[in-house]
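Scroll down for the structure; my scribbles are underneath it.
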Amino acid sequence: MQKILTKKSFPKWVEDLVNYQIYAPVEKNDLWSYEIVTANEITIDYPNTVLSPKQITFPQREFFLEFNQNEDGTPGVKELLPEENEAVVFGVRPCDAKGVTHMDKVFGGDFEDAYYWKRRNQVTLVGLACNTPPSPNCFCTSVEGSPYSVEGLDVLLTDIGDRFFVQTFTKKGDRIINASKGLFAAPKPKEKTDMEKIHQDAVKAMPRSLKDMKKIPPKLKDLFEADLWDLEAMSCISCGICTYLCPTCHCFDIQDEITSSSPLEGKRVRTWDNCQFPDFTMHSSGHNPRPDKASRLRQRIMHKFQYFVENHKNYQCIGCGRCISKCPVGIDIIQVLEKVRDHV
Amino acid sequence: MAEEFEPKIVAFLCKWCSSAGSDLAGVSRMQYPSNVVPITVMCSGSVSPLYILSAFNKGADGVLVSGCHPGDCHYIKGNYYARRRIALVKELLEFTGLEPERFQMSWVSAAEGKKYTEIIKDFVKILKPLGPQKKLGRSQ
Amino acid sequence: MKKRTGVFVCHCGINIAGTVDVKKVADKLSKHDGVAHSEDYVYMCSDPGQKLITNAIKENNLDSIVVSCCSPNLHEKTFQNAAKAGGINEFQSEIANIREQCSWVHKDKEKATVKAEKITRSAVERVIRNESLDPISFPVTRRGMVIGAGIAGIQAALDMANTGYEVILVEKNPSIGGHMIQLSETFPTLDCSQCILSPKMVEVSKHENIKLLTYSEVQEVSGYVGNFKVKIKKNPTFVDPKKCTLCDECTKVCPVVTSNEFDLGLTGRRAIYMPFPQAIPATYTLDDKNCPGLLPIACGKCSDVCDPGAIDYDQKPEIIEEEVGAIVVATGFDLYGKEEMGEYGYGKYADVLDGLQFERLCSASGPTQGKILRPSDHKVPKEVVFIQCSGSRDPELHCAYCSKICCMYTAKHALLYKHHVPDGQAYIFYIDIRSGGKGYEEFVQRVIEEDDVVYLRGKVSKIFEDNGKITVWGVDTLSGKNVEINADLVVLAQAMRPSKDADKLAKLLKIGTDKDGFLQEAHPKLRPVESVTAGMFLAGAAQAPKDIPEAVAQASGAAAKAVAILSQENLFHSPQVAKNFPNLCTGCGMCVDVCPYGALSLKDGKVEVNEILCEGCGTCSATCLRAAIEVKNITPLQIYEMINASLGG
Amino acid sequence: MVNLDDLKKEAHRILEENKVKYIIGYSQGSNGFPAVPAFIRNPEDSDNLIWNPACIHNLTRFLRDEKKRKAREKHPDNRPVGIIVKGCDSRAINVLLQENYITREDVFILGVSCEDTGVIDEKKLAKKLMGKMALSFDWDGNRNLVVTTKNGEIKINADEVLAERCLECPAQSPVVYDILFGDKVKRSPETRFESVEKIEKLSTEERWAFWKEQFDKCIRCYACRSVCPMCYCDECVVDTISFAVTADTTAEEKAQKIKWIDKSPVPSETFFYHMVRAIHLAGRCIDCGECERVCPLDIPIRFLNKKLEKEAKNLFDYEVGFDPNQLSLVSSFKDEDPEDFIR
């Protein structure tokens, strides 16, 4: 479905979505994050949020079950599936939306992760095409993305001046358009060409790029033992910024958190985990197969551009540039990949 | 009417002075509120900041660390280290917005059963109006 | 491995059961994770009570026990033995104090029961994580050391030596004898001090088990009870006592005259001198601070006249290392300086003396051969004022404590004065008369009644020199009148204080000092001769002001305590000591810095624990940032679980 | 002023003469990064070294990696590592020396003086530039930052772009070094604890509200502890996993690892983490401000450390990082330490 919505009517549309929780990027002290908002709090002009919207469908902590020991000594267990309302997330950048499709692959397939899908199915993603790059390190076009990519989105809005060009791609998307009566108009041909022009210009405005991306996955296969990793990881400090901020990183840990030891009470929780932490691969024997930061940086690159490609036919990177912008020591994934590509 | 709030207090008492002082309070049958559960440690110098934070984290409404008077430490100088360490923890907790009243330190000698009694009485009295400590405690 | 803990809740008659529902506590605890058996009994400490525990351990195959009862200070050992009798390690027994810290201090039975339950749970959480430990055994170096050779040190050394153990007696002055040898007569019997002390001094010098090191100072102490290593610096006397024939030719030619310490400055001595005629060891000492230069070129007169060639200018300080099993510290006292007393002229008036100086004036061996003559003009003083509590009992300006002996020796001084100058008048200003002691009160009464000494109750506000007299302004609080006396001589009963540098020695020995600088006893009532460090004992006025019989008694006590150690072939030490985790240790050394006992050291970048030195205080554990050191059986994990249990979670 | 050519020359010399195995310094970063840590091994690469107001990183953090690497080497190269340090970084060296973590022979210190300025706060500068990209920048010698952009030069007063910790720095020139570049300065800023005092002035509840908001943001990426030169422990007490495991560690020993905090990034646990971090840095933090700079959520972590620095100074007259031979703050005491808070 293709529609036109004037910017003036936009808040009205949001207000009409009465049965939904509304998320959108908001700013507080120069930091952008997805929060639950009301119609008037939504801004169109925003840079990348620090954390991607992955936390809405894959929160940093969630409960699996609660357990306890009953008076008679028998164990008690109760599953805790998320109870989420339907939600609409506004202002999702096309790259972040594409990240969600990667998460879908990880948590779907042969084994469907019930906790993930309980949330995921409740969420409608409304994207905003990037007319200008939201980060100086955007490079989506180098990893099979684009500033107007629709993958993972239910709706894409393109800012064409005083109105939005609205495209829907799913039933979920249609439903939220249909929730409002009389706000949406059919697009005129001029509006459609305007949109297309804007999309083309956006591609040209891409601040960063990586040539010959296709060479990288096969190349990586031979570089497991290369000394390149040692050199590239020299300045790495083994923090978790790059992966926690990544819209596609999905590793998690499951722990039993005890609230009372006698009588026993507690919850089983899932939390994000991070391959850059030394404890990530720590065996209980004391052996650590990834003992140093070089092997961990290698894992990050290999996973994103080799293993994931083999398993899912996609790069596990959507080019948002967060890991570059926020790296405390300036490790630049584009540069690392260039060195991989040019390695002899 | 709701039942009166009874603060939960963890008291780290050194074995030689403060725990002995609380024993004396017992022997003298001095009465004080039952809100405090004492944990006897060897020396106030052995009380790690982690213990204090953990007590608050596990829901204590107040924490007391009590040792021998300066110069009286059974281990010569453990209480001097405690004094410095506890001062820093106290400053930090106050800086982050914990009510200063919730964390206290005292010197109680083996002869000061009366003082121990007074300290506990006053501590409970101060904590009651503050209500439950929710800032640092684990949310369920 | 899940523990099988037994919980035993004592009623203590109604002492506990009156306020705590003991059955409920036992019942609740029976469901606690790891508890295999739980019961209550009327008196756990009774013989049947202990049997009940022992049997329960055997019958239920328990591996640890918690007894909820009175303070661990009372029956910890009892129940450790019951555990042993049951066949488990004594360290698998913990006490939950629900009497002194619970039933006796609360009335509300419901609340007290909840609290007793928490205390017991907390003890269970601790005991299920206890390690089984065995006391650490180690051999004893069977020699002793006494530091300080005044009357207390001499007595302690003789007592130890007479039991057959070798003793090293260290004295910083050239002769032994301390302050007692300076005294004239002693109260209340008026024995001649030198007459009763010098035989003991001679005995010391002749005793085959005593190694005497005079003019020597302890420089370094390491080790632990049973095995101390002591470094002693023996200062050079520049005189070889083996060659010296005591001909006294050297002092006759020495051109230097300096103040004589033995007579407290009332006379002079040469740079080469014998401290006093009965000095032990009987030899000369060349005082290098006053000698015009040890270079023979500068003077060399003494050497020139010394026929036997006993003088050796090249003598160097000698470092002597000794290994001993126990140490008695008897470093004595000094008098509070007159120069501290602003109100009494800062010690600048020649005819204002302190008590020790007056002793020398009275002494037959003193500067005046026992005639009481005032220093300024050598006239017989006709009016003498004695001022008690000079510097004592004055928390604002001077010492807060009572120096204990001044009442008695001032009475003695007044008596001696009257016996020397029958037509003179003695006045004594006092705050109170404290004459507790055998024959002491009778002695004071004798002075008042028979010797006509005027006792004035009150303080002296000011003394000053006026036309060859010392004017004393005071107040007699009994008559309420101001008193002015134009005295010929004033004697200040200066406060006693720890001898100079005793604090430095205390630091070396790692024994504490109290707020006044006296050495700290382990317990003021029950362990008055033990220091806070095992194997070190206290004797004499170094611990607190005391008179001769008390010093001697304490010295004998300290000697007996020391011998109790030396008589053992092996000693045992609590195994509840620090344990380090080398994998976590980074070798920062912060634990080494805080350890009060020097039990920790760094080796190859990791900390090491000397288990015999460690007393298990745990300060290291709280200091370590990496959890790389903890104390066995009171580990952070145990405390963590105890915190949980205390908060009911 | 620091002469970059001199610095490069010296780096070249010590590499060529094999005095050091490599040099930790700064070089130009990629897109948008004016300076990044650089590890120079070849003398000819010395030319890549830079020194500018964006040389923010405390490079002493990398001595930890060096130590670990060296421990793994069969035949360790015992030559020192060359390292470029600012005033604050040099104090970190002193603390590492104090804690026996390194020896003086492990490092060849190329000290650079910040003189009367310091390093910039990237966020402050970005605001001043309002979206313009800085091509290069440097101090002009008069406490102004001269920024070259595509649209020409912009001059900004130092106080408006300096990192807050530089404004509160007690010694802008290195206190330990082998060679010093730039002038030795020592000043005592009047505003040494201003940032902390602002928070102290708030009421208890306002302070709590402030910190609650901050800690709620924390995602426990641990960048603050990863970047800290003092957080060199192999295993942090708040980690839930034992690292110090060997072949003969028993299952029981592994189970003894205390879970002081849960992995869940909930406020109580996050608070615990930050408190432990601050307490463990008391008397050790030299205020390089790295923890705060790297925080992706802009949590002002530095205030916690600064508060304890202030109390160490006020209560115990303790200064961090000036004397490698002093006893640590918490492993020492004075008889007269304050105790008015003790009953």
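Structure data summary
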{"item": "Yes/no for residue C:178 being open to solvent by 10 Å² or more (accessible area, probe 1.4 Å), over 30 Å from residue C:87 (Cβ atoms) and among the small types (Gly, Ala, Ser)", "result": "yes"}
{"item": "Candidates A:212, A:227, filtered to the one that is on the phi > 0 side of the Ramachandran plot and open to solvent by 10 Å² or more (accessible area, probe 1.4 Å)", "result": "A:212"}
{"item": "Members of segment A:276-293 found to be open to solvent by 10 Å² or more (accessible area, probe 1.4 Å) and either at pLDDT 95 or above or in contact with a helix residue (DSSP H, G or I) (Cβ under 7 Å, 6 or more places away or on another chain) (or both), listed by number", "result": "A:284, A:288, A:289, A:290"}
{"item": "Matching residues, segment A:170-196, being within 21 Å of residue A:8 (Cβ to Cβ) and not in a loop (DSSP other than H, G, I, E, B)", "result": "A:176, A:177, A:178, A:185, A:190, A:191, A:192, A:194, A:195"}
{"item": "Residue in segment C:574-592 that is assigned to a helix (DSSP H, G or I) and in contact with a Lys or Arg (Cβ under 9 Å, 6 or more places away or on another chain) present", "result": "no"}
{"item": "Matching residues in segment B:107-140 - criterion: being small (Gly, Ala, Ser), in contact (Cβ under 8 Å) with a residue 12 or more places away in the chain and either surrounded by fewer than 17 Cβ atoms within 10 Å (Cβ to Cβ) or more than 8 Å from every other protein chain (Cβ to nearest Cβ) (or both)", "result": "B:109, B:110, B:111, B:113, B:131"}
{"item": "Residue in segment C:619-640 that is in a strand (DSSP E or B), within 12 Å of chain B (Cβ to nearest Cβ) and touching a Pro at 6+ places or on another chain (Cβ under 7 Å) present", "result": "yes"}
{"item": "Residue within segment C:504-526 that is at pLDDT below 95, more than 20 Å from residue C:324 (Cα to Cα) and away from chain B (no Cβ under 14 Å) present", "result": "yes"}
{"item": "Failed condition for residue C:419, given (1) assigned to a strand (DSSP E or B); (2) surrounded by 13 or more Cβ atoms within 10 Å (Cβ to Cβ)", "result": "(1)"}
{"item": "Any hit, segment A:120-137, residues being under 30 Å from residue A:266 (Cα atoms) and free of Cβ contacts under 8 Å to residues at least 24 places away in the same chain", "result": "yes"}
{"item": "Among (1) closer than 16 Å to residue A:99 by Cβ; (2) more than 19 Å from the chain's Cα centre (by Cα) - the single one residue A:151 does not satisfy", "result": "(2)"}
{"item": "Answer from C:627, C:560, C:599 - the residue that is under 20 Å from residue B:44 (Cα atoms), touching a residue at least 12 places away in the same chain (Cβ under 8 Å) and either open to solvent by less than 20 Å² (accessible area, probe 1.4 Å) or under 26 Å from the mean Cα position of the chain (by Cα) (or both)", "result": "C:599"}
{"item": "Unique match (being small (Gly, Ala, Ser) and open to solvent by 70 Å² or more (accessible area, probe 1.4 Å)) among C:461, C:479", "result": "C:461"}
{"item": "Residues within segment A:74-98 that are open to solvent by less than 40 Å² (accessible area, probe 1.4 Å), out of contact with any strand residue (DSSP E or B) (no Cβ under 8 Å at 6 or more places or on another chain) and either within 25 Å of residue A:264 (Cα to Cα) or at pLDDT below 95 (or both), tallied", "result": "0"}
{"item": "Selection within segment C:137-184 - charged (D, E, K, R) and touching a strand residue (DSSP E or B) at 6+ places or on another chain (Cβ under 6 Å)", "result": "C:143, C:166, C:172"}
{"item": "Of all residues making up segment C:54-65, the number that are more than 11 Å from residue C:3 (Cβ to Cβ) and open to solvent by less than 10 Å² (accessible area, probe 1.4 Å)", "result": "2"}
{"item": "Residue match in segment C:603-616 (condition: farther than 14 Å from residue B:50 by Cα, open to solvent by less than 10 Å² (accessible area, probe 1.4 Å) and within 10 Å of another protein chain (Cβ to nearest Cβ))", "result": "yes"}
{"item": "Helices (runs of 4 or more DSSP H) within segment D:200-287 that include 1 or more residues surrounded by 17 or more Cβ atoms within 10 Å (Cβ to Cβ), out of contact with any His (no Cβ under 8 Å at 6 or more places or on another chain) and within 9 Å of chain B (Cβ to nearest Cβ)", "result": "D:204-217, D:267-280"}
{"item": "Test: residue D:127 is within 16 Å of residue D:293 (Cα to Cα), of a type in the set (Lys, Arg) and open to solvent by 30 Å² or more (accessible area, probe 1.4 Å)", "result": "yes"}
{"item": "Top-ranked residue of segment A:255-275 - restricted to ones that are in a strand (DSSP E or B) and open to solvent by 30 Å² or more (accessible area, probe 1.4 Å), ranked as nearest to residue B:138 (Cα to Cα)", "result": "A:259"}
{"item": "Qualifying residues in segment D:300-343 (those that are part of a loop (DSSP other than H, G, I, E, B) and buried (at least 23 other Cβ atoms within 10 Å of the Cβ)) - the one farthest from the other protein chains (Cβ to nearest Cβ)", "result": "D:321"}
{"item": "Residue within segment A:304-319 that is within 14 Å of chain D (Cβ to nearest Cβ) and either surrounded by fewer than 20 Cβ atoms within 10 Å (Cβ to Cβ) or in a loop (DSSP other than H, G, I, E, B) (or both) present", "result": "yes"}
{"item": "From the options A:128, A:51, A:65, residue that is open to solvent by less than 40 Å² (accessible area, probe 1.4 Å), on the phi < 0 side of the Ramachandran plot and within 13 Å of chain D (Cβ to nearest Cβ)", "result": "A:51"}
{"item": "Test: residue in segment A:204-227 that is part of a loop (DSSP other than H, G, I, E, B), within 30 Å of residue A:344 (Cβ to Cβ), among the small types (Gly, Ala, Ser) and within 14 Å of chain D (Cβ to nearest Cβ)", "result": "yes"}
{"item": "Only listed residue being in contact with a strand residue (DSSP E or B) (Cβ under 8 Å, 6 or more places away or on another chain) and not in a helix (DSSP H, G or I), chosen from A:66, A:27", "result": "A:66"}
{"item": "Complete set of residues in segment B:49-74 that are touching a residue at least 12 places away in the same chain (Cβ under 8 Å), at the interface with chain C (Cβ under 7 Å from one of its Cβ atoms) and either of a type in the set (S, T, N, Q) or in contact with a Lys or Arg (Cβ under 8 Å, 6 or more places away or on another chain) (or both)", "result": "B:58, B:59, B:60, B:74"}
{"item": "Leading residue by the ranking (surrounded by the fewest Cβ atoms within 10 Å (Cβ to Cβ)) among those in segment C:282-312 that are within 27 Å of residue C:219 (Cβ to Cβ) and touching a Pro at 6+ places or on another chain (Cβ under 6 Å)", "result": "C:283"}
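The values are calculated or read from the model by the stated rules, or taken from the named source; none is laboratory data. All of these numbers come straight from a predicted model, not from anything done at the bench. Don't worry about glycine lacking a Cβ; one is built from the backbone with ideal geometry, like all the others, and counts go over all protein chains shown. Surface accessibility is based on the protein's heavy atoms, side chains included, excluding ligands, DNA and RNA. Shrake-Rupley method; radii C 1.70, N 1.55, O 1.52, S 1.80 Å.
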